[in-house]
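Read the figures in this text as sums done on the coordinates, not as results from a lab. Here the structure is a predicted model, which means the values were calculated and not measured. Every residue, glycine as well, gets a Cβ built from its backbone with ideal geometry; the counts of neighbours run over all protein chains shown.
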Amino acid sequence: MPPVSGSAAERAQQLVAKLGLDPAATELVALALTHPSRRHESGEPGDNERLEFLGDAILGAVISAALYEADSAASEGDLSERRAGIVSRQSLAEVAERLKLDEAIYLSLGESERGGARRPAALAAVLEALIGAIYLSLGFAAAAAFVQAQLAPEIAAPRALLGKGIKTMLQEWTQARNGSLPRYDIVATSGPEHDRIYECVVRVDGGEVARGSGPSRRAAEAAAAEAAIDILGVTAGATA
């Protein structure tokens, strides 16, 4: 699909047709595609932030149920770790790119020129907003079916791959910048033995960039890498 031009409504019509959704969803899909920068720059009447909030909750519920049903032997900690990897910003950004949402997102001119359509945060947000729009327009069953279909590779991915994408993205950026590698250090743990929370610091060039926490070392490292990517302004596929 070539880059989409035109209003949010026109973009939504094309996306609804491409994804095979009921046309009844078009109005809210248009809102799901509208980045907050449009409202700030052009006075658009709304943006996708509220739909993102709703879609995030639906996504979490659907992924939790899918993982629960798929692995009866997994512990609560294992399930939490897998879910965290699947719904991480980088993972959702990759799904959004598969759906070509980077070509449909409705940005302000300034944000578009800054490469906003490639930012993992914007891509993850538009995907979650799209899920929220499908839920409100077509119901929970339709939203759940969409999530299960579009995130099937992530749901089926081996546990060992969790967090790999986001850490690789940061590593490639730092290596392109000056040949260095990010360093991850666990600096604190909390909670009982069966429900431990790890806090991780990621350092670049010896200096602390960001922190993250999670139910395992790997999840904490992935959370720290995700925070660092936001702080450093790294975009998908970018080098320094």
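Computed quantities for the displayed model
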| quantity | calculated |
| --- | --- |
| Length added when fully stretched, Leu109-Ile197, from 0.36 nm per residue minus Cα-Cα | 27.5 nm |
| Pair Arg50, Ala142: separation of 7 Å Cα→Cβ label points (nm) | 1.9 nm |
| Extension gain, Leu19 back to Arg211 (0.36 nm per residue minus Cα-Cα distance, nm) | 65.4 nm |
| Residue of Ser112, Ser72, Ser213 that the Gaussian network model of the chain assigns the largest fluctuation, springs spanning Cα pairs under 10 Å | Ser72 |
| Among Gln148, Asn178, Gly115 - extreme Cα towards positive end, dipole of the chain, charges at beta-carbon | Asn178 |
| Residues Ser88, Ser37, Ser64 arranged by fewest to most Cβ contacts within 10 Å | Ser64, Ser37, Ser88 |
| The range 94-190 - charge dipole about Cα centre, Lys and Arg +1 at Cβ, Asp and Glu -1, debye rounded to 20 | 280 debye |
| Translational diffusion coefficient (Stokes-Einstein; Kirkwood radius from C-alpha pairs) of the range 163-232 at 4 °C, 1.567 mPa s, in µm²/s | 108 µm²/s |
| Helix runs (DSSP H) in the chain reaching 20 Å along axis by Cα, Kyte-Doolittle at least 1.0 | 120-138 |
| Histogram of C-alpha separations across the chain, 10 Å bin width, % | 8, 30, 33, 22, 7, 0 |
